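See structure below.
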Amino acid sequence: MSLPLAALLCAIMIGTSLLSGIFGMAGGLILVGVLLALMPLPDAMALHAITQIGSNGWRAILWIRYVRWRSVAPYLCGCVLATIAWATVQFVPDKPWALLGLGITPFLARMLPQGMKPNPDSIVQGLVYGSICMGLMLITGVSGPLADTFFLGTGSLDRRQIVATKAFCQVVSHALKFVYFAALIPDSGSVPIWLAVMGVAASMTGTTLARRILEAMSETGFRLWSRRIITTIAIFYLAQGGWLLVSGWSGP
């Protein structure tokens, strides 16, 4: 990788971690798209996992006192169960259908009756959402707007708790993804140490810069912009999946 390209990638990593540091979302989606355009899928997934572990790990440390632990445990149990299941069968659905699934899930979650709305304090929902989101992460590299919809929930968590709790869960999720792609998938490549270090440093920088912005943001503004971002990302997924179907996508 040339020096100018490495510098550009570093800037992108800082920018995407800044975005995720403010809203706890969206940055990973942008970054995985860039990485997939620059390197093979296994290498891109592995580097994406490393940078996201650094970004989310540092975010979780900065906001550790706001982590809602009773929401963490069932969600992560679901992630582990999903990883074991996928490692056993290694089933990979067609990319268009995976993208369509990512895009439609947040809209379906919003259409649920009030009593069934996403609730990050529910043990059963934590298991279900954790399993589904981990499955989506192993398919596409990101858990998409569904995880964001779940942690926004019905308003039981404030903006700091949402960012902190999701960050902690994402550290474990991306670690599981790294193991899956680095150790379980045949013919996976390797990530140069210098590139991994650069990714972690850039992610921590963006996350640190985002802290003051999140502190200054109101709860109303946070939820308003979070839902707008979720909707935009979901529509992007639906459009991309639909385009691949219409254009006769043939893989891989």
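Take peptides 216-224, 74-82 and line them up by average Cβ neighbours within 10 Å, highest first, as a rough protection proxy.
Packing proxy ranking, top to bottom: 74-82, 216-224.
With each label point set 7 Å from Cα along the Cα-Cβ vector, what nm distance links Ile30 and Leu8?
1.6 nm
Tell me, what ³J(HN,Hα) does each residue in the stretch 196-205 have, in order and in whole Hz, if you take phi through Karplus 6.51 cos²θ - 1.76 cosθ + 1.60 with θ = phi - 60° and put x for Gly and Pro?
Values per residue, Gly and Pro as x: 5, 4, 4, x, 5, 5, 5, 5, 5, 5 Hz.
Describe numerically, in nm with one decimal, the distance between label points set 7 Å from Cα along Cα→Cβ at Ser156 and at Arg70.
0.7 nm
Return the FRET efficiency for the residue pair Thr220, Val124: r is the Cβ-Cβ distance, R0 is 25 Å, and the value is rounded to the nearest 0.05.
0.25
Can you work out the Karplus-derived ³J(HN,Hα) for every residue in the stretch 61-68? Use 6.51 cos²θ - 1.76 cosθ + 1.60 with θ = phi - 60°, whole Hz, and x for glycine or proline.
Running phi through 6.51 cos²θ - 1.76 cosθ + 1.60 with θ = phi - 60° gives 5, 4, 10, 4, 6, 9, 5, 8 Hz.
Every number here is computed from the coordinates shown, using simple stated rules; none is lab data. All figures in this text were calculated on a predicted structure; none of them were measured in a lab. Note: ideal-geometry Cβ built from the backbone for every residue, glycine included; neighbour counts use all protein chains shown.
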